[in-house]
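The values are calculated or read from the model by the stated rules, or taken from the named source; none is laboratory data. Values in this document were obtained by computation on a predicted structure and should not be read as measured data. As a convention, Cβ positions derive from the backbone with ideal geometry for all residues, glycine included, and neighbour counts pool all protein chains shown.
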């Protein structure tokens, strides 16, 4: 795969995530701005952008334009066509974008790379490293996108992985070493309660929370399996998630 093809693939994935976020603004906190992921071509980028839905819709109306953090544009492949202090709009002109589809489904397993220290930004790196590491498991790509936005809006948590099943979450535990695992209750194969039981047995210091659109009667079962809390999806907002994490985070 050529460099431009790889850059196109990465940006297409970020575009899919942001389109899901834009379509679900009713689930996010009521503010003028929403948090979107930077659509730059750097696979290690974990930056977020603040845009209104109207601003993002204007960007996505052009299939070869993307919203990126200032300084994240690629010279020679992209040109800046608009922007402000919060974001830039870049237009791609490499051959990898000539016939690419406007939409492509994101991968079923997404792992966020570890932040790397920078000499000029050492304090920011330390603060980022101190955030609780979060792994999310849900068979809905739409909810995974919302979860990424909610987690990025907290000051104490950072997303390290997003997967589509309980089995994938268990498989990635040794690699990702999450402090907090958010599990959908209803998933194909192994459900959230079964997954909770295995995670807590294998990693007793890992905090698990079960999330469901229908949590009635679930709390006792989930907590008996080792879950710290259960949460209705309609209440899944940054302030609630952060409060639960601060209440249940392990000492030391």
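Restricting attention to the stretch 201-229 and to residues that are touching a residue at least 40 places away in the same chain (Cβ under 8 Å) and part of a strand (DSSP E or B), the residue that is farthest from the chain's Cα centre (by Cα) turns out to be 207. Of everything in the stretch 157-168 that is in contact with a helix residue (DSSP H, G or I) (Cβ under 6 Å, 6 or more places away or on another chain) and either part of a helix (DSSP H, G or I) or within 19 Å of residue 231 (Cα to Cα) (or both), the residue that is modelled with the highest pLDDT is 157.
Residue-by-condition table, conditions (1) at pLDDT 60 or above; (2) assigned to a loop (DSSP other than H, G, I, E, B); (3) closer than 25 Å to residue 235 by Cα:
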residue	(1), (2), (3)
9	no, no, no
20	no, no, yes
39	yes, yes, no
70	yes, yes, no
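In the set 79, 133, only one residue is modelled with pLDDT of 80 or more, in contact with a strand residue (DSSP E or B) (Cβ under 8 Å, 6 or more places away or on another chain), in the same structural domain as residue 241 (by TED's automatic domain parsing) and not in a loop (DSSP other than H, G, I, E, B); that residue is 133. Pairing residues of the stretch 132-143 that are surrounded by fewer than 19 Cβ atoms within 10 Å (Cβ to Cβ) with residues that are in a strand (DSSP E or B), at Cβ distances under 8 Å and at least 6 apart in sequence or on separate chains, gives 139/184; 140/184. For residue 209, the requirement of being in contact with a helix residue (DSSP H, G or I) (Cβ under 9 Å, 6 or more places away or on another chain), closer than 28 Å to residue 50 by Cβ and not assigned by TED's automatic domain parsing to the domain that holds residue 50 is met. Only a single item in (1) within 20 Å of residue 160 (Cα to Cα); (2) part of a loop (DSSP other than H, G, I, E, B) is not met by residue 251, and it is number (1). Within the stretch 160-170, being closer than 18 Å to residue 48 by Cβ and surrounded by fewer than 24 Cβ atoms within 10 Å (Cβ to Cβ) holds for one residue alone: 161. Given the criteria more than 24 Å from residue 130 (Cβ to Cβ) and either surrounded by 12 or more Cβ atoms within 10 Å (Cβ to Cβ) or modelled with pLDDT under 95 (or both), does residue 239 qualify? Against the criterion (more than 24 Å from residue 130 (Cβ to Cβ) and either surrounded by 12 or more Cβ atoms within 10 Å (Cβ to Cβ) or modelled with pLDDT under 95 (or both)), residue 239 does not qualify.
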